[in-house]
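Here the structure comes first, spelled out in structure tokens, and everything after it is commentary.
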């Protein structure tokens with residue numbers, strides 16, 4: 001087992017559970033989070049409080065307690081772990097959301113110091129503007 005891979009799994013789990021306390025332990029004070037350029041948020045996000053706020057749903061894009069991650073692969077090279085995952089959730093409006101992500105986490109000393117998030121933001125926008133079906137609302 002890899003300690004860095006376990007940290008990445010813990011970050012993803014804490015995002016799904018919106019667990020700010022756990023995320024605060026996993027992120028460095030000065031963590032930098034690079035969102036996709038086309039995402040409607042600041043680039044980059046800097047500082048533990050700001051990054052944790054995004055990760056626990058501060059944007060309101062996802063309905064609480066509906067996120068799950070499917071791990072397609074975790075790859076480690078030195079202090080860096082790359083996670084290829086699928087996020088499944090309901091949007092804030094209750095529509096289904098499914099999107100692939102490629103995250104890069106730099107973890108030099110047991111805490112995430114930098115993260116890069118890549119996903120299909122055009123597909124995400126379609127999901128976030130969709131109205132929920134009778135089955136998901």
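The values are calculated or read from the model by the stated rules, or taken from the named source; none is laboratory data. Quick caveat, the model's predicted, so the values are computed rather than measured. Virtual Cβ from ideal backbone geometry, glycine too; neighbours counted across all protein chains shown.
Taking residue 66, is it modelled with pLDDT under 95, surrounded by fewer than 17 Cβ atoms within 10 Å (Cβ to Cβ) and touching a strand residue (DSSP E or B) at 6+ places or on another chain (Cβ under 9 Å)? It is true that residue 66 is modelled with pLDDT under 95, surrounded by fewer than 17 Cβ atoms within 10 Å (Cβ to Cβ) and touching a strand residue (DSSP E or B) at 6+ places or on another chain (Cβ under 9 Å). Do we have residue 29 as farther than 21 Å from residue 99 by Cα, touching a helix residue (DSSP H, G or I) at 6+ places or on another chain (Cβ under 7 Å) and surrounded by fewer than 18 Cβ atoms within 10 Å (Cβ to Cβ) here? Yes. In the range 69-87, of all residues being over 11 Å from residue 5 (Cα atoms) and within 12 Å of the chain's Cα centre (by Cα), the one that is surrounded by the most Cβ atoms within 10 Å (Cβ to Cβ) corresponds to 85. Comparison of 57, 47 shows that the only residue that is surrounded by 13 or more Cβ atoms within 10 Å (Cβ to Cβ), free of Cβ contacts under 8 Å to residues at least 60 places away in the same chain, out of contact with any strand residue (DSSP E or B) (no Cβ under 8 Å at 6 or more places or on another chain) and more than 20 Å from residue 2 (Cβ to Cβ) is 57.
Does residue 4 count as over 14 Å from the mean Cα position of the chain (by Cα), assigned to a helix (DSSP H, G or I) and surrounded by 14 or more Cβ atoms within 10 Å (Cβ to Cβ)? Taking the combined requirement at face value, the residue satisfies it. Among the residues of the range 88-107, the ones that are buried (at least 19 other Cβ atoms within 10 Å of the Cβ) and either more than 15 Å from the chain's Cα centre (by Cα) or modelled with pLDDT of 95 or more (or both) come to 4 in all.
Among the residues here, residue 126 does not qualify as at pLDDT below 95, assigned to a loop (DSSP other than H, G, I, E, B), over 11 Å from the mean Cα position of the chain (by Cα) and more than 19 Å from residue 10 (Cβ to Cβ). How many residues, within the range 16-56, are assigned to a helix (DSSP H, G or I) and within 15 Å of residue 116 (Cβ to Cβ)? So the answer is 3.
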